[in-house]
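**Student:** This structure is in structure tokens; I'll ask about it shortly.
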Amino acid sequence: MTDARLHAPATVRNRDPILEALRPVLPASGRVLEIASGSGEHVVHFAAALPEATFVPSDPNAEARASIAAWVAETGVGNVVAPLALDAACPPWPIDHADAIVCINMIHISPWAATEGLFAGASAILPAGAPLCLYGPYRRDGRHTAPSNETFDAWLRDQNREWGVRDLERVADLAGAAGFDAPEIVDMPANNLVVIFRRGGDAER
């Protein structure tokens, strides 16, 4: 592409299954924050399918934010606001309220501090009962769920020793400490999961 739009090939394959998993969970209206929006292809797809919601994309990378803006302009969706410069690991976040949060393919391609920051930040801005929805590969009970995930994990750790496919139980423990309930888990194609955490009603701010 000759403009600012970036293209992630996996998005075309996974955007519809992710949308169908999220559709019953995301609010029909309200503000949906996407953390680590990357190219922006997911957020414009979701926004077109859920026109009554307002989508707030974000990414710490300026090139990604330019791509998000370019995809919004190209597709003409009117319910996506300008992308935020937001690093999950760096509080305070530049947004004080969301009705739902979506985070796709971030926690295994970032340091663990980003996952810690994700739950801390989400706990600060989500109301009770609101969902934090994650998508990606996970280990379960200390084991990879498929040989392809084990190979992917080794590749990630070769790129950066702070990256890697996370243990779902460790993520759930972190979520619980931040005031989230036990997750709902949806099996997805290609050995991925959608993991939905809801903000508890009695967690301390």
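**Student:** Is at least one residue of segment 93-106 of a type in the set (Gly, Ala, Ser) and either more than 22 Å from VAL171 (Cα to Cα) or part of a helix (DSSP H, G or I) (or both)? Walk me through how you get there before you give the answer.
**Tutor:** Kept after step one, since they are of a type in the set (Gly, Ala, Ser), are these residues of segment 93-106: 98, 100.
Remaining after also requiring either more than 22 Å from VAL171 (Cα to Cα) or part of a helix (DSSP H, G or I) (or both): none.
Scanning segment 93-106 turns up no residue that is of a type in the set (Gly, Ala, Ser) and either more than 22 Å from VAL171 (Cα to Cα) or part of a helix (DSSP H, G or I) (or both).
**Student:** Hey, can you tell me all the residues within segment 160-175 that are surrounded by fewer than 14 Cβ atoms within 10 Å (Cβ to Cβ) and touching a helix residue (DSSP H, G or I) at 6+ places or on another chain (Cβ under 9 Å)?
**Tutor:** First, pick out the residues of segment 160-175 that are surrounded by fewer than 14 Cβ atoms within 10 Å (Cβ to Cβ): 160-162, 169, 173.
Residue satisfying the conditions is GLU162 alone.
**Student:** Here's another thing I want to ask about it. Quick check: anything in segment 36-43 touching a residue at least 40 places away in the same chain (Cβ under 8 Å) and of a type in the set (Ser, Thr, Tyr)?
**Tutor:** Yes, segment 36-43 contains at least one residue that is touching a residue at least 40 places away in the same chain (Cβ under 8 Å) and of a type in the set (Ser, Thr, Tyr).
**Student:** Please verify whether ILE109 is under 15 Å from the mean Cα position of the chain (by Cα) and either polar (S, T, N, Q) or part of a loop (DSSP other than H, G, I, E, B) (or both), treating the condition exactly as stated.
**Tutor:** Judged against the criteria, ILE109 is a match.
**Student:** For a quick check of your reading of the model, give me the residue pairs whose first member lies in segment 6-17 and is under 18 Å from ILE68 (Cα atoms), whose second is polar (S, T, N, Q), with beta-carbon atoms closer than 6 Å and at least 6 apart or on different chains.
**Tutor:** Final answer for the pair search is LEU6/SER39; LEU6/SER67; ALA8/SER39.
**Student:** Looking only at residues that are in contact with an Asp or Glu (Cβ under 7 Å, 6 or more places away or on another chain) and either exposed (fewer than 14 other Cβ atoms within 10 Å of the Cβ) or among the aliphatic types (A, V, I, L, M) (or both) in segment 176-200, which one is farthest from ILE107 (Cα to Cα)?
**Tutor:** Ranking the qualifying residues of segment 176-200, first place goes to ILE196.
**Student:** Further, regarding this structure: Restricting the first residue to segment 150-169 and requiring it to be at positive phi, which pairs with a second residue that is of a type in the set (Asp, Glu) and surrounded by 15 or more Cβ atoms within 10 Å (Cβ to Cβ) meet a Cβ separation below 6 Å and a spacing of at least six or different chains?
**Tutor:** GLY164/ASP153
A quick yes/no check of all residues on (1) crowded, with 23+ Cβ neighbours inside 10 Å; (2) over 28 Å from ALA28 (Cβ atoms):
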| residue | (1), (2) |
| --- | --- |
| SER110 | no, yes |
| ALA113 | no, yes |
| GLY117 | no, yes |
| GLY121 | yes, no |
| ALA124 | no, no |
| PRO137 | yes, yes |
| GLY142 | no, yes |
| SER148 | no, yes |
| ALA154 | no, yes |
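No lab work stands behind these numbers, since they all come straight from the coordinates. Here the structure is a predicted model, which is why all the values come from computation and not from measurement. Quick reminder, even Gly has a Cβ in these numbers, built from the backbone with ideal geometry, and neighbours come from all protein chains shown.
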